[in-house]
Amino acid sequence: MFNLPMPPNPHAMAVLALAVFALLLFTRKNLPLETASFIILISLAVGFELAPFQIDGNMLHAAYFFHGFGHEALVAVCALMIAGQGIVRTGALEPVGRGLARIWKISPSASLLLTLLIAAFISAFINNVPVVVVLLPILISVSIRTKTKASTVLMPMGFSTLLGGTCTTIGTSTNLLVVSVAADMGLRRIEMFDFLIPALISGGIGIIYLWLLVPRIMPDRKLTLADTSPRVFSAHLAILEESSAVGKTLAEAIKKIDGGLRVKGIKRGSDNLIMPLPSVVLKAGDQLVIRDTPERLKEIEALLEGTLYQDETLGNPVDDDHPLKAEDQQIAEIAVIQGSHLRGKTFSEIRFADRYGIIILAIHRAGKRLQKGFDSISDIRLLAGDILLVQGPREQVAKLKKEKDLLVLDATMDLPYTKKAPLALRIMLAIIFTAAFGWLPIAISASCGALIMILCGCLSWSDATKALSTQVIMIVVASLALGSALLKTGGADYLAQLFLSLAGDASPAIMLSGLMLLMAFLTNAVSNNATAVMGTPIAISIAAQMGQPAEPFVLAVLFGANMSFATPMAYKTNLLVMNAGEYTFNDFLRIGIPLVLILWATLSWLLPTLYGF
């Protein structure tokens, strides 16, 4: 017989009912997570305003539940999102991606292990979403080149970023929330690397599983690349005098691009066309006729130190009004629409650059290759349906949307401020070290770092606002409000008593293990942040009632809430990986559930051992 505790006060019961309602709302696919969070937040505020609650003689006002908007944890999460955007915006992760792409050609198996380790390491300090976004196209590309099954590398990479994020207090928003809520309740503040040892041991075992077993048990998922691959454009790459390719053979230039340069011809002078033989020595002024995706074209341009838009007949938009500064540049795909008066005309006749203030990088004609592939882009006559790859200031690209002859496609992207990448990395390292050594709280150091990135031009205020996720902000605020309500009304204590009653005379180690397994289940079914914030006060209450130190129970909540492996909706990067790799829900169950059980079993032994019970 279980000795169940007496029901708590009516306010606690109402909050518990609202918590159950919140868990149901968070699982609704047709209701945005931020909307569900706002519903919970408003429900708490209105409920406590209409039915006030007294605690220690003081009234708990409804405005208390809005304090999450100014909570230290939310400030830290937002500042780190902005700082992470600075890393992405400057392209600081691109060299890592290119380096991994080279290694994959040598040994796919060893390269997979290295990819998992690097992805995990970076994700310990930077939000894992940009890490996954950078690595996904690279891994898809190398899987095609090396004839490796993409399904065996994409999900392991995504999961490795989750494992890495568990290692530090700033690795995920979940970690920050758990640490902050525990500190608010009077516990010693858990520092950045305090739980590194159990995280490294369990994460290392998890990575071995992802490296050795997952490729053998994952079903093959053939990607429909014909439907998902970007458009391939024809372009002319001019070799400049200062280019490192001058004086080198075409074969040497191709080797510098990792063998991925497809040269269709070489134009030397106004009329001289040269076959693209490997032994041809490149000279300043040569134009390589190439075909590739927009991102790849810009990468080739940077690596060969050339330019995609050196064509005197197109005009020169580079002046004081339209400088080609990386901070202000976008590339966009625009289509020539049916009925456009530009049809049948060449770029030189239109004087495209002077007219629109942007430059032509390349052109794509669906269904066939351009007949005049070796001719200057300025001499190609436009047809309805032609898609132009252009580059120019953000303001000029925006003006194109008002043109009746052209249609800006949904493929606009900012160019990375590559010269700012080292500075962005140094700022991020400063954020990490100042917090790690306790010189500044993470909320302060991350906020300072975000401000310095903006002042130094690593990203603009527009980029900073884009980095902020409404979904993350609302789920954090609503979770903090719900967790506070559970704590203030005694709901958390009641749940802890209920948990202890159901567990009977179980040892502290069994209680800790059961709590972590419950958190792992909830994080895959509901939300990792909500699970973390509601679980932390319950964990502290369980520890207090058992007379045990609270920290290992808090870490059980932290680790359990990070085990978001079993369902695609458990974490944003799971959805990214699912879409890119064309995985099914069952694929996540097949790979994720064993990983959850491996980590749970490992940590169920590690945490009690490390804390001596």
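The values are calculated or read from the model by the stated rules, or taken from the named source; none is laboratory data. Keep in mind it's a predicted model, so treat the numbers as computed, not measured. Cβ atoms come from the backbone with ideal geometry, glycine included; neighbour counts cover every protein chain shown.
The table below gives the values:
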quantity	calculated
Options 528, 579; residue that is under 20 Å from residue 37 (Cα atoms), under 21 Å from the mean Cα position of the chain (by Cα) and not aromatic (Phe, Trp, Tyr)	528
Single match in 110, 119 (criterion: within 25 Å of residue 208 (Cα to Cα) and either outside the structural domain of residue 435 (by TED's automatic domain parsing) or crowded, with 22+ Cβ neighbours inside 10 Å (or both))	119
Members of segment 534-573 found to be over 22 Å from residue 481 (Cα atoms), part of a loop (DSSP other than H, G, I, E, B) and in contact (Cβ under 8 Å) with a residue 40 or more places away in the chain, listed by number	548, 549, 563, 564, 565, 566, 567
Boolean, residue 534 is within 20 Å of residue 66 (Cβ to Cβ) and assigned by TED's automatic domain parsing to the domain that holds residue 18	yes
Qualifying helices (runs of 4 or more DSSP H) (wholly inside segment 125-208; at least 1 residues being of a type outside the set (A, V, I, L, M, F, W, C), surrounded by 24 or more Cβ atoms within 10 Å (Cβ to Cβ) and more than 17 Å from the chain's Cα centre (by Cα))	173-184, 196-208
All positions within segment 574-587 that are in contact with a helix residue (DSSP H, G or I) (Cβ under 9 Å, 6 or more places away or on another chain), assigned to a helix (DSSP H, G or I) and over 18 Å from residue 129 (Cα atoms)	585, 587
Only listed residue being among the polar types (S, T, N, Q) and modelled with pLDDT of 90 or more, chosen from 541, 513	513
Which listed residue, of 14, 36, 51, is more than 30 Å from residue 150 (Cα to Cα), loosely packed, with under 12 Cβ neighbours inside 10 Å and either in the same structural domain as residue 485 (by TED's automatic domain parsing) or touching a Phe, Trp or Tyr at 6+ places or on another chain (Cβ under 6 Å) (or both)	51
In segment 420-474, the residues that are more than 25 Å from residue 193 (Cα to Cα), of a type outside the set (Ser, Thr, Tyr) and assigned to a loop (DSSP other than H, G, I, E, B)	456, 457, 458, 459, 468
Boolean, residue 21 is farther than 14 Å from residue 471 by Cα and in contact with a His (Cβ under 9 Å, 6 or more places away or on another chain)	no
Enumeration of residues in segment 541-562 that are over 30 Å from the mean Cα position of the chain (by Cα) and surrounded by 24 or more Cβ atoms within 10 Å (Cβ to Cβ)	541, 542
Close pairs (8 angstrom Cβ cut-off, 6 or more residues apart or separate chains): aliphatic (A, V, I, L, M) in segment 100-117, assigned to a loop (DSSP other than H, G, I, E, B) anywhere	101/258
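Conditions (1) surrounded by 22 or more Cβ atoms within 10 Å (Cβ to Cβ); (2) among the hydroxyl-bearing types (Ser, Thr, Tyr); (3) modelled with pLDDT of 85 or more, marked per residue:
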site: 421; (1), (2), (3): no, no, no
site: 444; (1), (2), (3): no, no, yes
site: 455; (1), (2), (3): no, no, yes
site: 470; (1), (2), (3): no, yes, no
site: 491; (1), (2), (3): yes, no, no
site: 506; (1), (2), (3): no, no, no
site: 509; (1), (2), (3): no, no, yes
